[in-house]
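J.: This is the structure I have questions about; it appears just below.
Coordinate-derived values only; no laboratory data. Values in this document were obtained by computation on a predicted structure and should not be read as measured data. Heads up, the Cβs are rebuilt from the backbone with ideal geometry, glycines too, and the neighbour counts pull from every protein chain shown.
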Amino acid sequence: MFSTQRSRVSLTLLFALVITGFLIFLFFYIKHEFNTTRTQVSDDVMVSKIITMGKLELVKYAMKDVVEKKELHTILPDSRVLFVAVGEVTACIDLTRVKRDDISQGKDTVSVTLPQPEICYVKLDHQKSKVYDVSGVWFADKSKQMVEDVYKVAEAKMLATAKEMDITGKARENAGKIFKPFLENVSGKKVVITFK
């Protein structure tokens, strides 16, 4: 009888230890599952347009600018965004606009009339550009709108600065330095480049 009671106590103790171990395992498993996050990204890429490229990039200005935009209020505190913009402005010549009539050959020369250089694009580097401070904004959608506006202001400022620094003039100059030797090597003649 003493042996039976002892085996019941041992069996009950063993059963309690197994249940306790299971509950401890279940606790840590559930805790791990709550702390574990999984990221799922779904995308469907569709090509909306295929564009034939024919632009020869001749100069690129890498720029950095600090832009501060304020909205002044009469009663509430002023809203302010401080943004450091890093980007580039590129000038190019569209070679698809060169026609057969724009190229003429003489005995020792080739004359090529190129279209005027143009600004191909203004591009902000989103990895390097940073919003340093947003203050006086009460609502999240207003903050988002101000940040979007400051991006546009920064792009417009970079474009205006590149125009002030005569980026298209530099592209015209580089066309002579880059394009002219290439054409002379191909044709074996002296090349004269002019612009429309």
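J.: Hey, which aspartates and glutamates would be in cross-link range of K189, C-alpha to C-alpha under 17 Å, not counting anything within fewer than 8 residues on its own chain?
T.: Excluding near neighbours in sequence, the set is D102, D108.
J.: In nm, what is the difference between 0.36 nm times the number of residues separating T109 and A62 and their Cα-Cα distance?
T.: Fully extending the segment from T109 to A62 adds 13.3 nm.
J.: If you count, for each residue, the other Cβ atoms within 10 Å and average over each peptide, how do 116-123, 188-195, 85-92, 15-22 line up from highest to lowest? Don't skip to the end; give the middle numbers.
T.: On the way: 116-123: 16.5, 188-195: 13.1, 85-92: 20.9, 15-22: 10.0.
So the order, starting with the most tightly packed, is 85-92, 116-123, 188-195, 15-22.
J.: Return the subset of K60/K99; K55/K128; K55/K107; K60/K170 for which the Cα-Cα distance in this structure is over 18 Å, preserving the input order. The partial results should precede the final answer.
T.: Numbers: K60/K99 26 Å; K55/K128 26 Å; K55/K107 29 Å; K60/K170 10 Å.
K60/K99; K55/K128; K55/K107, as the Cα separations exceed 18 Å there.
J.: Under 16 Å Cα-Cα from K152, which aspartates and glutamates qualify once same-chain neighbours fewer than 8 residues away are excluded?
T.: Cα-Cα hits under 16 Å: D65, E68, E71, E88, D125.
J.: If each of K123 and E148 carries a label point 7 Å out from its Cα toward its Cβ, how far apart are those two points in nm?
T.: Each label point is offset 7 Å from its Cα along the Cβ direction, giving 2.3 nm.
J.: Label points 7 Å out from Cα along the Cβ direction at K189 and R6: separation in nm?
T.: Simple spin-label model gives 11.7 nm for this pair.
J.: Report, ordered by chain and residue number, the aspartates and glutamates lying within cross-link reach of K177, taken as a straight Cα distance under 19 Å and ignoring same-chain residues fewer than 8 apart.
T.: Cross-link targets: E57, D94, E118, D166.
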